Amino acid sequence: MQVSVIDSLGAIPAAEWDALVPTAGDRPVDPFTTHRFLRALESSGSVGRGTGWQPQHLLARDAEGQLVGAAPLYVKSHSQGEYIFDHAFADAWTRAGGRYYPKLQSAVPFTPATGRRFLGAEVARGPLMQALRDAAAQNGLSSAHVTFCTEAEAQAGVAAGFLHRVTQQYHWQDASFGDFEGFLASLSSRKRKTIRKERAVAQGFGGTIRALTGDGIRPAHWDAFWAFYQDTGSRKWGRPYLTREFFEAAHETMRDDVLLVLAERDGRAVAGALNFIGATTLYGRYWGCLEDHPCLHFELCYYQAIDWALAHGLNRVEAGAQGEHKLARGYLPEKVHSLHWFADERFGQAVADYLREEGAALRSEMRLLESFAPFRRGEAPARGARF
């Protein structure tokens, strides 16, 4: 098997790349490793020169030249936009006198959503993992990382010499609720009353809430959402990751993959939440507003997402990174996985020791968090991997 590198998704036909992307029915399992999503990041300048995300995607071909595997890969000059952060590793490496950046990162930029990172045939996974390690070692890089991979990929990565890290997010899972009232019926009385009150307060903001997808999304809606994104990004991170051109590209090639929930008042949008649609999962990504209204964030980001998922046969909502406040709203802690390899074996051993301690602490924290779940006894959704 031959593994090569391309520095842009533009170097490979969309159909050839997308043939490797996992699907369920007529949709990709998630849209984030599709050619259209990764290419939109590149063509819009959200990744590439000057961003700290330099594409170096891996392609695996068999003896006949057939593409059988691929992995989205980037040379990183910082650790921003990853959501499984390695700042502590970088700090320790630097204090030891080393140079942590650049590093290699197999990931979907700015997207804390679990999915396949080694696409295509399973037989290609081992060569791609080896190529990832070899590329880091041969170019004198400190490390190679794979973030938000599947649990199966994490297990294969351990066998290939990577360290396995487990962190957590909050996800909502359908348990044959039927509709939002069915979901509420599974909650304790106090939590049910709280959510009903929050929804009533939010929906009384003085306008209307609309959920738009496909051709229902117009360029003017992206103009509004861009203002929301800029406001939230500048307050939370200092500089938003995505360019305005990304949203234009998303409108052209991905509007069927998008759910845009907008709150409109007096003829203009005042708040919005952007979601991406997978085969079985709705992925919440960005929120923003130009006016502050009580509980509107919860309504647009969490409750509208649950409503839409239930109405359209999706059984899961992933609401992005962080946020213990999601627990009270039916989003339970779930494990997420990453892989890490370090060129220096002694440093790798130190990280392995750290990860063992971190993992034990995480297991204890997740047990504690689950004890605060809002569901009545015996009503919490069953746990289980999606992949």
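The values are calculated or read from the model by the stated rules, or taken from the named source; none is laboratory data. Note that the structure is a prediction, hence the values are computed from the model and not measured. Glycine gets a Cβ as well: all are built from the backbone with ideal geometry, and neighbour counts include every protein chain shown.
In summary, Asp86 fulfils each of the numbered conditions (1) of a type in the set (Asp, Glu); (2) touching a Pro at 6+ places or on another chain (Cβ under 9 Å); (3) under 23 Å from Ala321 (Cα atoms) with the single exception of condition (2).
Can you name every residue in region 171-190 that is touching a residue at least 24 places away in the same chain (Cβ under 8 Å) and at positive phi? Across region 171-190, the qualifying residue is only Gly178. Pull up region 322-377, narrow it to residues that are part of a helix (DSSP H, G or I), more than 22 Å from the chain's Cα centre (by Cα) and of a type in the set (Lys, Arg), then point me to the one that is nearest to Asn139 (Cα to Cα). Once the filter is applied, the top-ranked residue is Arg346.
Residues are listed down the side, and each one gets a yes or a no for (1) farther than 24 Å from Arg39 by Cα; (2) not aromatic (Phe, Trp, Tyr):
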site	(1), (2)
Gly233	no, yes
Phe247	no, no
Glu264	yes, yes
Leu274	no, yes
Thr280	no, yes
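Just one of the numbered conditions (1) under 19 Å from Arg125 (Cβ atoms); (2) surrounded by 15 or more Cβ atoms within 10 Å (Cβ to Cβ) is not true of Asp62: (2).
Just one of the numbered conditions (1) in contact (Cβ under 8 Å) with a residue 60 or more places away in the chain; (2) closer than 24 Å to Ala279 by Cα is not true of Gln56: (2). Among the residues of region 107-119, is there at least one that is touching a strand residue (DSSP E or B) at 6+ places or on another chain (Cβ under 8 Å) and over 30 Å from Val317 (Cβ atoms)? Within region 107-119 (the criterion being touching a strand residue (DSSP E or B) at 6+ places or on another chain (Cβ under 8 Å) and over 30 Å from Val317 (Cβ atoms)), the answer is no, since none of the residues qualifies.
Give the residues of region 81-98 that are in a loop (DSSP other than H, G, I, E, B), farther than 29 Å from Thr243 by Cβ and touching a Ser or Thr at 6+ places or on another chain (Cβ under 7 Å), sorted by residue number. Listed by number, the list holds a single entry, Gly98. Any residue at all in region 54-69 that is closer than 25 Å to Phe247 by Cβ, polar (S, T, N, Q) and at pLDDT 95 or above? Checked region 54-69: at least one residue is closer than 25 Å to Phe247 by Cβ, polar (S, T, N, Q) and at pLDDT 95 or above. Pairing each residue of region 75-86 that is at positive phi with any residue that is surrounded by fewer than 21 Cβ atoms within 10 Å (Cβ to Cβ), provided the two are 6+ apart or on different chains, yields C-beta distances under 7 Å for Gly81/Phe110; Gly81/Tyr241; Tyr83/Ala321.
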